[in-house]
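Right, one structure below, let's go through it.
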Amino acid sequence: MIRSLFRRHRAASVIALVLAVVLLVAGVAEAAARTLLHSRLTAAAGRILGEDSDVDIDGGPALLALLDRHLDSVTISGDHATLGRITDVSVRVRLDDIRLTGGRSGTVARTHADGEVPAESLQSMAGARGKRLPITAVHLDAAADTITLELKGGLGRATLRPRIEDGRLALRLEDAEVLGSPAPDRLVDRIESNLAGRADADYPLGLKATALDVTSTGLNVTLDGGPARFPAKRKT
């Protein structure tokens, strides 16, 4: 009787030890899979939105996702993303139904992004092409949905209205003046040329702007996209 109890106790101990080892191995494998998956996605995110991007993997076990080469969703966020030719945009992008096709590449079924374009980026967008415009400040009017560029320290100003054109953010000149009078045609042409040249590049992941809102600090932009490869080659 005592021997039987001892054998059963020893068997139970062995089973418990085996289960503990299995759980330990599974935990180590899961941690390794999550680290590998996060590393690959971070590398891809760096090529999409910039090197300072953060990656958050949603869904179930990373080991299963790695074996299936499928992820339900991933969220990428960064404060220095580039949308077309607009730099230093704060953006949060959600990628749904991801299929991994390579070490650092894959496909995504759909994407959604919320971005904030700060005043500094709007100033760069308006004045960084060709000869720099003498922009010294940017003022945003949320009520009127307009952006005012201060020229030459207050000697002139240009009023812009943001729009969505062909899925991209565009700024269109509404009015320009110097010393209270209409700006000369040469200055107007320079402003319009600069603005036209800043909206001609594609956004990453096939994202298209679908809504925008002027705030006191910048522009809030909503973007959506369908099936796409990541990271896609950037067009210049």
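Residue count for the range 161-180 under the criterion of being within 27 Å of Gly225 (Cα to Cα) and buried (at least 18 other Cβ atoms within 10 Å of the Cβ): the result is 5.
Residues that are touching a Pro at 6+ places or on another chain (Cβ under 9 Å), farther than 11 Å from Ala137 by Cβ and outside any strand (DSSP E or B) within the range 149-173 comprise just one, Leu155. One residue stands out in the range 46-80 among those that are part of a helix (DSSP H, G or I) and farther than 19 Å from Gly206 by Cβ: the one that is modelled with the highest pLDDT, namely Asp68.
Every residue, every condition in (1) without any contact (Cβ under 8 Å) to a residue 60 or more places away in the chain; (2) in contact with a Gly (Cβ under 7 Å, 6 or more places away or on another chain), yes or no:
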position: Arg69; (1), (2): yes, no
position: Ile76; (1), (2): yes, no
position: Ile86; (1), (2): no, no
position: Arg94; (1), (2): yes, no
position: Leu100; (1), (2): no, yes
position: Ser105; (1), (2): no, no
position: Thr111; (1), (2): no, yes
position: Glu116; (1), (2): no, yes
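Pull up the range 77-108, narrow it to residues that are charged (D, E, K, R) and touching a Lys or Arg at 6+ places or on another chain (Cβ under 6 Å), then point me to the one that is nearest to Ile48 (Cα to Cα). The extreme case among them is Arg104.
Only one entry in Leu223, Leu187, Leu140, Leu207 is surrounded by 12 or more Cβ atoms within 10 Å (Cβ to Cβ), out of contact with any His (no Cβ under 6 Å at 6 or more places or on another chain) and under 16 Å from Pro118 (Cα atoms), namely Leu140.
The values are calculated or read from the model by the stated rules, or taken from the named source; none is laboratory data. As the structure is a prediction and not an experimental result, all values here were calculated from the model. All Cβ positions, even for glycine, are placed from backbone atoms using ideal geometry, and neighbour counts span all protein chains on display.
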